[in-house]
Amino acid sequence: MGVNHHYYDEFQNKSIVRRIAQKCYLPANELILELIKKYGSDFKVSFSISGLAIEQFEMYAPEVLKSFKALAKTGNVEFLTETYAHSLASLKSKEEFKRQVDLHSKKIEELFGQKPVTFRNTELIYSDDIGEMVAEMGYKTMLTEGAKHVLGWKSPNFLYRHASNPELKLLLKNYRLSDDIAFRFSDQGWAEYPVTAEKYAGWLKNVDPEQQVVNLFIDYETFGEHQWADTGIFEFIKALPGKVLSETDFKFRTPKEVAAKLNPAGEIHVPYPISWADEERDLTAWLGNELQDEAFEKLYSVEAKVKSCDDKEIIRDWNYLQASDHFYYMCTKWFSDGDVHRYFNPYPSPYEAFINYMNVLSDFMIRVDEKYKPDMFDKVKEKGKKAEAKAKVKAKVKETWDDVKDYTLDDIVKMSNAKVKQLIKKIDPEEMAHVLKDAGDEVREKIIPNMTKTAKKQYEKLEKEIKKVKKSDLKKVKNKIEDELRRIWN
């Protein structure tokens, strides 16, 4: 620490990337291209490739990127956006999350000529709050896990929408049919072994015809790396499109096309983050034990300083330090899919993973402190404040919230219907119901007609059930709504 700042085992990185390129990426891409040529617009796929993976290809396997570009040119492949560093930023920093998503989107557009419109978060991590951030960034469709504890009796085989923002559509992974290929394909102890294209098409045929869509989301390394070529995985994929198209009513479509074609069957409420990892489908693969939490907190404690550093190597290392795999290697619990991940794990134990990571992070923080100049950072902020103040003076003076000393809910009657609708999307229906119970007729007449049908039904139900709320609680809710009101007005 403080002496050697090179953290990378380039020989191992190159060896792993070259090996997987030869066993998986190149033969799989060649097969996908062959299937597109054979079936034309009837066969389509989508890819989510992190920015860090792209960097590894650029350094060690440029022919892999060339093969992905060939697939992009067919028009049958959609490339999704994710976090550039395949990070857990969505759980910690809205600003960093947005920075990475924007960076990744630009990289995808630059390489493949597509501006991504569908979002897939790291490890399919999703919650209502994360969905809200994704919607604010302009994405209309997002992929996540069809977790049992979230769906309950519902099926993952429908298009859904965000709980409070109906503009964000959600495609849920059918984990049973996905894992049949990703994990169970070569398991000779499995009752369904061996899996053939004909058998798999039969499973699809048995899906209730009332259901809309089956989303298969699989690690690409499944083809040739997790499931080696001698398991028959490539022959299976080669035969599958023909069987699906000839023996079922299913069509192959990209997420963008599915979201455009189907109407959401309902909404999904996910108050706590879910993922596609192990049986729990939660975050405990990456966060939860003392090692993971300490490393995670220490990493993001330096975020503000990193943002003030104009140094390419600092930013590169900041991206690499955020990769979710670091925290996975510190996990101390058993996974149903643990063998797959241990296959790539360079550490003999989670404790050694933690020690190595913290040593690197400590050295990184020393470098950041050397580059960080708080006086310069403060000057930049001060300059920004002055520019903002100047712009306000120049602007034409209309009635704004800044002209009023007290911001009250009654001022909503002065807002346009469009902005009222915008406000309603941001507020929980139960909180709105509490406030409207105490509000005047003008306010109620302004808000209720601007509710969506779903929100209105929820409100009407809550209005009957709701009891008088404490003054202190009502004040908190009012303050929250009035703060949102002020933000929207401005």
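The values are calculated or read from the model by the stated rules, or taken from the named source; none is laboratory data. Note that the structure is predicted; figures quoted are calculated from it, not measured. Counting neighbours? That spans all protein chains shown, and the Cβs are built from the backbone with ideal geometry, glycine included. Calculation scope for accessible area: heavy atoms of the full protein, side chains included, ligands and nucleic acids excluded. Shrake-Rupley method; radii C 1.70, N 1.55, O 1.52, S 1.80 Å.
Pop the C-beta distance of E445 and D311 into the FRET formula with R0 = 56 Å and round what comes out to the nearest 0.05. Provide the component values of the computation, followed by the final result.
Working: r = 56 Å, r/R0 = 1.01.
After rounding to 0.05, the efficiency reads 0.50.
Largest accessible area first, the listed residues M59, M358 line up as M59, M358 when surface is computed with a 1.4 Å probe on the assembled protein chains.
Relative to the first principal axis of the alpha-carbon coordinates of the chain, what is the inclination of helix 62-73, with its axis defined by its Cα atoms, in degrees from 0 to 90 and to the nearest 10? Helix 62-73 sits roughly 70 degrees off the main axis of the chain. Taking only protein heavy atoms and a 1.4 Å probe, the accessible area of segment 190-234 is 49% carbon and sulfur. Here is the link list: K385/K425; K148/K419; K98/K385; K419/K456; K173/K480; K69/K106. Which ones come out longer than 27 Å on Cα distance? Listed pairs above 27 Å: K385/K425; K148/K419; K173/K480.
Between the beta carbons of R487 and D129, assuming R0 = 22 Å, the FRET efficiency works out to 0.85 to the nearest 0.05. Sorting H6, H86, H326, H269 by solvent-accessible area of protein heavy atoms yields H269, H6, H326, H86, largest first, with a 1.4 Å probe. The angle between the Cα long axis of helix 453-465 and the longest principal axis of the Cα atoms of the chain comes to about 60 degrees, rounded to the nearest 10.
May I ask you to give the average projected area over all directions of the convex hull of the Cα atoms of the chain, in nm² rounded to one decimal?
27.4 nm²
Once backbone amide H atoms are built at 1.01 Å from N, E267 has R161 as its partners under 5 Å, excluding neighbours fewer than 5 places away on the same chain. Only DSSP H runs of four or more residues enter the estimate; each adds -39500 (n - 2.57), and after division by the residues of the chain the mean residue ellipticity at 222 nm equals -15500 deg cm²/dmol.
Label-to-label distance, E34 versus L65, with points set 7 angstrom from Cα along the beta-carbon direction: 2.7 nm. Farthest toward the positive end of the dipole of the chain, out of L436, A353, I237, is the Cα of L436, where the dipole comes from beta carbon charges about the Cα centre.
Put a dot 7 Å past the Cα of E460, heading toward its Cβ, do the same for E279, and the two dots end up 4.4 nm apart. Within the accessible surface of segment 22-172, defined with a 1.4 Å probe on protein heavy atoms only, the carbon and sulfur portion equals 52 percent. Only protein heavy atoms count here; under a 1.4 Å probe, R120 has an accessible surface of about 20 Å². Per residue, the chain exposes 53 Å² of solvent-accessible protein surface, assessed with a 1.4 angstrom probe and all protein chains in place. Take a quick pass over segment 233-350 and tell me how many lysine pairs come in under 26 angstrom between Cα atoms, counting only ones 8 or more apart or on separate chains. Lysine pairs, 8 or more places apart or on different chains, close enough: 9. Most simply put, the chain has about 25% antiparallel DSSP beta bridges, counting only bridges with both residues inside it.
Rounded to two decimals, the Cα-based Rg/Rh of segment 231-289, with Kirkwood Rh, is 1.13.
Size of the dipole of segment 234-323 about the Cα centre, Lys and Arg at +1 and Asp and Glu at -1 on the beta carbon, nothing else charged, in debye to 20?
That gives a dipole near 700 debye.
Remark: the chain carries a charge dipole of roughly 2200 debye about the Cα centre, counting +1 on each Lys and Arg Cβ and -1 on each Asp and Glu Cβ.
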